[in-house]
Amino acid sequence: MTEKLTRRRAEDAVADPIARERAMEIARTGDVASRRALAKRGDLAPELLFYLAEDDDVVVRRAVAANASTPRHAHEFLARDRDEAVRATVAGRVGAEVVGLQDERRSQHRRITVEVMEALAVDAAEKVRRRLAEAIKDADNAPPEVIRRVIEVLARDTAHEVAGPVLEFSPLLSDDFLVGVVEAPASAGAVTAVSRRRGVSSRVSDAVAASGDDGAIAALLANESAQIREATLDRLIDMAPEKPGWHAPLVARPKLSAGHVGKLARFVAMALVEELRSRTDLDEDASARLAEAMSRRIEEAGGRSPAGAERGRALSMHSEGELDELSLSEALTAGRRAFVMAALSVRSGLPEPVVHSMMSSGSAKAVTALAWRAGMTMEFAEQLQLRLAYIEPRDVLRASYGTRFPLDDEQLDWQVRMYAEGKVE
């Protein structure tokens with residue numbers, strides 16, 4: 001009965017002088033359950049919340065950290081709490097308070113908030129730093145001179161889960177700082193996060209293009225708001241034949257010049273060439289370059305060798321819209337191996353040696369990924385495994401839920417990249 005009565009007194013306490021005395025009594029001598037109930041109250045006097053911030057029970061301290069009425073000077077204390085969850089909760093709270101710093105007239109409150117953020121930005125626990133980064137990643141109405149140093153510390157974090165959100169979204173990072181990150185990234189994925197920023201400047205784009213980070217460059221090319229100088233784009237297109245991950249974002253780049261279109265049409269997959277042809281923003285010069293490049297590909301592929309002839313036939317059929325799954329299935333059934341391999345190369349944009357490597361790998365995953373990359377269905381992928389890759393029926397990858405690929409796009413793309421980049425022996 002005594003415990004229940006004490007708990008009820010904690011729950012009934014209000015912010016009048018008599019109730020404050022009762023609440024202080026509970027805070028000092030009450031049982032754990034009563035102190036926990038008290039710490040959750042939104043009408044508790046600030047001095048009582050500060051007192052409870054030093055409670056021996058961690059659940060009480062967590063409740064104080066989460067309480068919207070907890071005063072800022074208690075956050076300063078709780079930011080050094082031995083419990084990670086307490087510090088993480090404080091990180092979320094002070095991060096939310098950043099938006100009000102611009103209008104905060106009390107210099108002491110501004111100072112406390114900044115000092116707490118600075119302490120949490122270098123906290124030993126990644127969870128705490130990540131919570132702070134998420135809370136302030138896109139703050140744009142806080143005084144820059146107050147929180148920029150906190151943002152920059154988080155952006156240089158060695159954990160990408162901490163640095164990534166800030167690098168991608170914070171409007172307070174200068175081009176000088178971003179170029180420094182690109183040239184000396186502190187975390188894996190840092191350059192990619194910079195590449196995804198809204199409105200990446202041409203200076204930062206140049207740094208990304210020179211970084212040698214293929215994934216980050218692909219992200220930059222896919223970022224329609226990124227400003228990329230024509231000379232930089234020219235250089236990337238010249239490097240692109242050996243970088244299949246760049247092809248689709250390059251084809252989708254806005255405002256491609258006639259020269260860019262002509263170059264791309266010489267090496268990207270035919271499906272991507274079709275995307276180029278369907279663009280409505282190509283001028284007459286670009287359209288002419290595209291047609292010329294297509295003719296040259298067909299002529300070069302139809303050389304003297306039988307393999308060249310099959311490739312020329314595949315290119316010609318694709319340009320006429322006839323290189324579909326039905327035609328490949330018929331060729332597969334008829335045992336026309338050379339044509340199927342050439343057709344898969346044309347449709348996937350992968351060099352024929354890569355196609356041969358995937359088909360002869362004995363890997364059901366690799367063959368399935370090749371069919372996926374070529375735009376085929378899982379039904380075709382099953383037949384490809386059985387008829388051309390000679391995979392044992394018990395080892396064949398089957399469709400899931402009737403027609404779906406049993407691997408997700410990321411897994412399939414990984415298979416393709418491993419073979420395209422020569423990482424599979």
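The values are calculated or read from the model by the stated rules, or taken from the named source; none is laboratory data. Since this is a predicted model, take the numbers as computed values, not measurements. FYI the Cβ positions are ideal-geometry reconstructions off the backbone, even for glycines, and counts take in every protein chain you see. Remember, those area values only see protein heavy atoms, side chains included, never the ligands or the DNA or RNA. Shrake-Rupley method; radii C 1.70, N 1.55, O 1.52, S 1.80 Å.
So how many Å³ per residue does the convex hull of the Cα atoms of the stretch 116-188 work out to?
On the way: hull volume 5.6 nm³, N = 73.
So the per-residue hull volume is 76 Å³.
In angstrom, the C-alpha Rg and Dmax of the stretch 269-425 are 16.1, 54.
Projecting the Cα atoms of VAL367, ALA286, SER357 onto the dipole axis of the stretch 243-383, where Lys and Arg carry +1 and Asp and Glu carry -1 at the beta carbon, places SER357 farthest toward the positive end.
Debye-formula intensities of the stretch 192-321, expressed as log10 I(q)/I(0) at q = 0.17, 0.20, 0.21 Å⁻¹, are -0.87, -1.09, -1.16 (one equal scatterer per alpha-carbon, no solvent).
Give me the accessible area per residue for the stretch 183-316, probe 1.4 Å, as a whole number in Å². Let's see the in-between values first.
Numbers: 6440 Å² over 134 residues.
Value for the stretch 183-316: 48 Å² per residue.
Calculated mean residue ellipticity, 222 nm, the chain: -19000 deg cm²/dmol, from DSSP H runs (n ≥ 4) at -39500 (n - 2.57) each, averaged per residue and rounded to 500.
Axis angle, to the nearest 10 degrees, between helix 378-387 and the longest C-alpha principal axis of the chain: 50 degrees.
Cross-link list LYS137/LYS255; LYS263/LYS423; LYS243/LYS365: which exceed 29 angstrom alpha carbon to alpha carbon? Result: LYS137/LYS255 exceed 29 Å. Taking every C-alpha pair closer than 8 Å and separated by at least 6 residues, the mean separation divided by the residue count of the stretch 312-425 gives a relative contact order of 22 percent.
Measuring between their Cα centroids, the stretch 328-404 and the stretch 113-137 lie 49 Å from each other. Give the Kirkwood hydrodynamic radius (Å, one decimal) of the stretch 371-425, defined as one over the mean of 1/r across all pairs of different Cα atoms. One decimal place: 12.0 Å for the Kirkwood radius. Give the distance, in whole Å, between the Cα centre of the stretch 15-93 and the Cα centre of the stretch 226-248. Distance between centres, Cα-based: 56 Å.
Other residues with beta-carbon under 13 Å from the beta-carbon of LEU386 carry, at +1 per Lys or Arg and -1 per Asp or Glu, a net charge of -1.
What number, in percent, do you get for the relative contact order of the stretch 50-205 if the mean sequence gap of Cα pairs under 8 Å and at least 6 apart is divided by its residue count? Write down the numbers at each step before the final one.
Numbers: 222 pairs, mean separation 25.6, N = 156.
Reported relative contact order: 16 percent.
For the chain, which whole-number percentage of the solvent-accessible area (1.4 Å probe, protein heavy atoms only) is attributable to carbon and sulfur atoms?
Values: 9930 of 20790 Å².
Solvent-exposed carbon and sulfur of the chain make up 48 percent of the total.
Taken over the alpha carbons of the chain as equal point scatterers, the Debye sum produces base-10 log I(q)/I(0) values at 0.10, 0.12 Å⁻¹ of -0.82, -0.97.
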